[in-house]
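In what follows, a structure is listed as structure tokens, so that the remarks can point back to it.
The values are calculated or read from the model by the stated rules, or taken from the named source; none is laboratory data. The model shown is predicted, which means the values in this text are computed figures rather than measured ones. Note that each Cβ is placed from the backbone with ideal geometry, even for glycine, and that neighbours are counted across all protein chains shown. Just so you know, the surface numbers come from the protein's heavy atoms only, side chains and all, with ligands and any DNA or RNA stripped out. Shrake-Rupley method; radii C 1.70, N 1.55, O 1.52, S 1.80 Å.
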Amino acid sequence: MPKIHLPTPLRPYADGASSVDVHGSTVAEALGGLVTRYGGLRRHLYDEAGKLRSFVNVYRNEEDVRYLQREATPLSPSDSLSIIPSIAGGKAAPPAPADAVTLSNEEVRRYSRHLIMPEVGLEGQKKLKAARVLAIGTGGLGSPLSLYLAAAGVGTIGLVDFDVVDDSNLQRQILFGTEDVGRSKLQAASERLRGVNPNIHIVPFDTRLTSENALDILQGFDIVADGTDNFPTRYLVNDACVLTGKPNVYASIFRFEGQASVFWAEKGPCYRCLYSEPPPPGLVPSCAEGGVLGILPGLLGVVQATETIKLILGEGEPLVGRLLLVDALSMRFRELKLHKNPECVICGPNPTVTKLIDYEAFCGVAAEAPAAAVPEVTVEELKAIREREEDFVLLDVREPHEISICAFPESVKIPLGKLTENLHRLSTADEIVVHCKLGGRSAKAVELLRQSGFRKVRNLAGGIDRWAERIDRSMPRY
């Protein structure tokens, strides 16, 4: 008969069962039998009108029934259903102690190379199965991290992401394949991880991590692994981990360089001890602007997975109080000692941050879009200007290696970093439209030009990438 796998938060309402055998030839009949047997589950799965709640996803084997025939999806006796909550909410069941966990014969065979290591052994593998790790992001860092945690047998892996797979992700986000482009990252990642190890439990959170939901999401996990790529979320993850007492396994990447550490306020410094304040908006370019070697997040994500497993096993020396620096170009690893800041605003003895704050405002994100503060021209308007053959100057402030990918043939090419010393190549009498890839660097160029006496200068909103997206689709996007 079909089997229904229950997520950890629902097990207390089913006498602690992780899976239940039910009768039913469809998803609706199977779920009906489940809530008839365990009445406490009904309000968690169905609303007052008897409809399946929007935050509950149901999978038949590896397929989301929303993309099959929903609750009318047929079941065979060999099928299994998995109930997957898609957003945060409520408290998770308490973790199962390692001594209460057992390994099947299949799991013993699967993890045999762990079991013969004295640092892991049977008891260590049980600790891995009982562990609950939350990965923030399924991108460049989250992909190798979650893959190796799944393969190692970490019993419960939470995934926080709300994005869809884009073809530009495939260069580094190894969770996904070409066939996943356009799909939900959570759905594709969950399927891939279950394919790696069907013994694990995936808890997806299809939402952006915010100050409103972070504490609720984190409370159901033992360890948090930060795979984010922006400063507001990075500070949010840090503060939430400090407030909940959880270790934060951290990594960041840019071009050929990376960092990794374990921030754990109860045993050492937190992220704010290292960086008390974020850099000014726009000072540190994102990977979309600056690029990243596709292999680098694999290297740092594996470091994160290693540190996570060490924490679970209680073996080795974790990166608490140490910052690992990786330079892939020279293949050199350096280590810096981190100190707990006695004046840290959140983990110090006299904290001033005692609850989650507005991290967008804290990081000055509102000021990170200078394009809104300078005169703009849309790509549609630029197209019309070019077609009318109006007299104007198109200024490209990207780097030479970017220009070799795609460019407007008539543009004047001056990288942003060399603009000040090349102002003599431009005239204050000309109408000037400035562009870069996405619009951020060109907005800075507009500000610089206006400060230098140029008044008839505008920024191309969205940059050449938006031109390629909306106007000239034969132009390559990068």
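Determine which residues of segment 388-405 fall in the zone a paramagnetic label at THR178 would reach in this model, i.e. backbone nitrogen under 13 Å from the point 7 Å along Cα→Cβ. No residues fall inside that zone.
A convex hull fitted around the alpha carbon atoms of segment 1-62 yields 87 Å³ per residue. The label point for ASN350 and the one for GLU289, both projected 7 Å from the Cα toward the Cβ, are 3.7 nm apart. Of the GluC sites (Glu not before Pro) found in segment 96-184, those in coil by DSSP whose Cβ has at most 11 other Cβ atoms within 10 Å are GLU119. With R₀ fixed at 22 Å, the C-beta to C-beta distance from ARG322 to GLU119 puts the FRET efficiency at about 0.65. Protection proxy ranking, highest mean first, for peptides 349-357, 426-434: 426-434, 349-357, where packing is the per-residue count of other beta-carbon atoms within 10 Å, averaged.
One chain, two ends: GLU63 and SER427. Fully extended at 0.36 nm per residue, the span grows by 125.0 nm beyond their Cα-Cα distance. Each label point was placed 7 Å from the Cα along the Cα-to-Cβ direction; for THR378 and THR210 their separation is 2.8 nm. Between ILE403 and PHE256, the FRET efficiency estimated from the beta carbon spacing at R0 = 30 angstrom works out to 0.90.
With protein chains left intact and a 1.4 Å probe, residues in segment 319-455 average 56 Å² of accessible area per residue. Looking only at Cα atoms, what is the convex hull volume of the chain per residue, in Å³? It is 183 Å³ per residue. Distant-in-sequence amide contacts of VAL56, defined by a placed amide H-H separation under 5 Å and a gap of 5 or more residues or a different chain, comprise SER86. From largest to smallest, the equivalent ellipsoid semi-axes obtained for segment 315-463 from the alpha-carbon gyration tensor read 43, 21, 14 Å.
You can think of it this way: the chain between MET331 and SER104 has 77.6 nm of extra reach, that is 0.36 nm per residue less the Cα-Cα gap. Averaged over residues, the count of other Cβ atoms within 10 Å places the peptides 39-48, 334-343, 138-147, 291-300 in the sequence 138-147, 291-300, 39-48, 334-343, highest first.
Compared with the dominant principal axis of the Cα atoms in the chain, helix 231-244 is inclined by about 30°. The calculated FRET efficiency for the pair ALA151 and LYS418, based on their C-beta separation and a Förster distance of 45 Å, comes to about 0.40. The value given for segment 125-189 is a Kirkwood hydrodynamic radius of 12.1 Å, derived from the mean inverse Cα-Cα separation.
If I compute solvent accessible area with a 1.4 Å probe over the protein chains, what percent of it on the chain is carbon and sulfur? Carbon and sulfur together cover 52 percent of it.
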